[in-house]
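The values are calculated or read from the model by the stated rules, or taken from the named source; none is laboratory data. Predicted model, so just to flag it, every value in this text is computed and none were measured. Cβ sites come from the backbone with ideal geometry, for glycine too, and all protein chains shown count toward neighbours. Keep in mind that these areas ignore ligands, DNA and RNA; they rest on the heavy atoms of the full protein, side chains included. Shrake-Rupley method; radii C 1.70, N 1.55, O 1.52, S 1.80 Å.
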Amino acid sequence: MYRAFNLTDLANFEELERIDKNTAQADYDYHKQQVTKNLSISRVLREAIIARRNGDQIKIDADQIQQNIFPNYKKYDVFISHSHQDLELVQKFAYYLRNTLGLKVFIDSEVWGYVDDLLMSVNNQYAKIGEKLYDYKKCNLNASVIYLMLSNAIHDVINETECLFFINTPNSINSEENIEETTESPWIYDELKTTSIIKPKIPDRIQAMIDVYKIHQKSSQNVIVDSAEPVWIRDVTKEVNSLEVLPNRILVEWQNKYELDRTHDALVEFYLILFNIK
């Protein structure tokens, strides 16, 4: 990851208002299908079971399952972190980034449904003790392993993706008097925390640009990281404040300059604006 940004006013970005929500959802559904199109839960589980002799305990290779779910995490330009309640807004923003700026976008919620199905399949095979009864301890263990596997995979995606955009809305961050900024989502918390500890990696083409223009860059940047009762909250004030706020006017300028002159790829054009290079 090179940079991470805090988008606090995306809901008022006029370009998104011009995008039909059904078109954006269809685009989201298409890319979501591409992520899991070759995945068969039964096949993935079957191939991940380590060969065993009679009487041995069943062993499942979690690393292999993780690799099957996220086989191409290095191919993305942008990672979008968001609340599921903002999915329509995120779908439009992803459509905008893909179709206006030609960027490859990863939306974390594209894999949530698949992972939930995977957990249900594992519990049905190995934790079910009756028609509607499950072994509590086995279900907890299965959930811990599978969600930790998902978390590790998302860490890999964040690490390899060049930019992270955090969609900061009241659905994702609570700003209440005397409470600072908190989130109820364990996934947003995890993603924000991850970006705050990952060492930024400057892409070679950007380092070359920095060298040419003799731009001074900070050597490190901190950045970001998702109920039933009770509601668990986590203080993410430090993580959110470490993100670089990205106002809508920069998005407008980015689009205008990219559409006017496509000498550079979209992200390079974006950095030129941030570095104030004419």
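Here are the numbers for the structure shown:
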read-out	value
Debye log10 I(q)/I(0) at q = 0.15, 0.19 Å⁻¹ for segment 112-160, Cα point scatterers	-0.43, -0.62
Protein accessible area in segment 91-139, 1.4 Å probe - carbon and sulfur %	51 percent
Label-point separation in nm, VAL145 to ASP117, each point 7 Å along Cα→Cβ	2.1 nm
Mean projected area (nm²) of the alpha-carbon convex hull when segment 96-199 is viewed from all directions	9.7 nm²
Difference of contour (0.36 nm per residue) and Cα-Cα distance, ASP29 to LYS104	25.5 nm
Distance violations [Cα-Cα > 32 Å] among LYS32/LYS193; LYS59/LYS132; LYS104/LYS137; LYS75/LYS257; LYS92/LYS193; LYS75/LYS238	LYS104/LYS137
Cβ-Cβ FRET estimate between LYS137 and GLU47, R0 fixed at 25 Å, reported to 0.05	0.45
Within-13-Å neighbourhood charge of LEU45 [Cβ basis; K, R +1; D, E -1]	0
FRET efficiency, ILE202 to LYS128 (Cβ-Cβ, R0 51 Å, nearest 0.05)	0.55
